[in-house]
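What follows is one structure encoded as structure tokens, with my remarks underneath.
The values are calculated or read from the model by the stated rules, or taken from the named source; none is laboratory data. The shown structure was predicted, so the numbers you read here are calculated from the model rather than taken from an experiment. Cβ placement follows ideal geometry from the backbone for every residue including glycine, while neighbour counts extend to all protein chains displayed. Surface accessibility is based on the protein's heavy atoms, side chains included, excluding ligands, DNA and RNA. Shrake-Rupley method; radii C 1.70, N 1.55, O 1.52, S 1.80 Å.
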Amino acid sequence: CRYHDWDERSVIGHLEWQPGKVDPRGFTMSSMRARVRGRLGKKPSSGGSSGSGTYTVRQGDTLWAIARAHGTTVPALVDANDLRDPSRIAPGQRLKVPGAATATYTVARGDTLWSIAASRLGDGDRWREIARLNKLADADEISPGQKLKLPRK
């Protein structure tokens, strides 16, 4: 998608392309497109920074994707950078990224990062953000009583 400068709307499933074909059980294209959008919003590392500080805009970036990747909001980015038109950011532009406001969560028995993301952030697919924010090498290695930082909703 990056190579062709496509966004998540360019991704289609079997059922959408060929009537009679099916997508796997439990699979939805809206969930798949959200994951693709998230991946496209997080460019391969080699110039931007994560957390608070600065971020260098890359081709295809949106403020929404940058905000989500850094645990902040579009209005916070607009304010921090005095952006007159939030829809106009350019590759190479350096943005100040305000410190992300985070909440904490204490892991309960039976919790998974997916279940925490689904219940606390409203989207189970955001489990990777929790893993990244907490620098978890193995997302399956959480234990009851452990305190986790959660990104903004």
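Evaluation of A67 against the conditions (1) farther than 19 Å from L133 by Cβ; (2) in contact with a strand residue (DSSP E or B) (Cβ under 9 Å, 6 or more places away or on another chain); (3) modelled with pLDDT of 80 or more shows that the sole unmet condition is (1).
Looking across the range 129-139, just one residue is open to solvent by 70 Å² or more (accessible area, probe 1.4 Å) and touching a residue at least 12 places away in the same chain (Cβ under 8 Å), and that is R132. Check whether at least one residue in the range 35-46 is at pLDDT below 80, part of a loop (DSSP other than H, G, I, E, B) and of a type in the set (D, E, K, R), and report yes or no. Checked against the condition, which is being at pLDDT below 80, part of a loop (DSSP other than H, G, I, E, B) and of a type in the set (D, E, K, R), the range 35-46 yields at least one hit. The condition (being free of Cβ contacts under 8 Å to residues at least 60 places away in the same chain, assigned to a loop (DSSP other than H, G, I, E, B) and over 25 Å from C1 (Cβ atoms)) is satisfied by just one residue among P144, P75: P144. If I ask for residues that are farther than 18 Å from R39 by Cα and either within 14 Å of the chain's Cα centre (by Cα) or aliphatic (A, V, I, L, M) (or both), which ones from the range 122-135 would you list? The one that is farther than 18 Å from R39 by Cα and either within 14 Å of the chain's Cα centre (by Cα) or aliphatic (A, V, I, L, M) (or both): G122. With the requirement that a residue be in contact (Cβ under 8 Å) with a residue 24 or more places away in the chain, assigned to a helix (DSSP H, G or I) and closer than 17 Å to G41 by Cα, what does the range 91-127 give you? Those that are in contact (Cβ under 8 Å) with a residue 24 or more places away in the chain, assigned to a helix (DSSP H, G or I) and closer than 17 Å to G41 by Cα: D125, R126.
Of the numbered conditions (1) over 22 Å from G122 (Cβ atoms); (2) at pLDDT 80 or above; (3) surrounded by 13 or more Cβ atoms within 10 Å (Cβ to Cβ), R88 satisfies every one except a single condition; which is it? Every condition holds for R88 apart from (3). May I ask you to list the residues in the range 51-63 that are modelled with pLDDT under 85 and either among the polar types (S, T, N, Q) or open to solvent by 20 Å² or more (accessible area, probe 1.4 Å) (or both)? Across the range 51-63, the qualifying residues are G51, S52, G53, T54.
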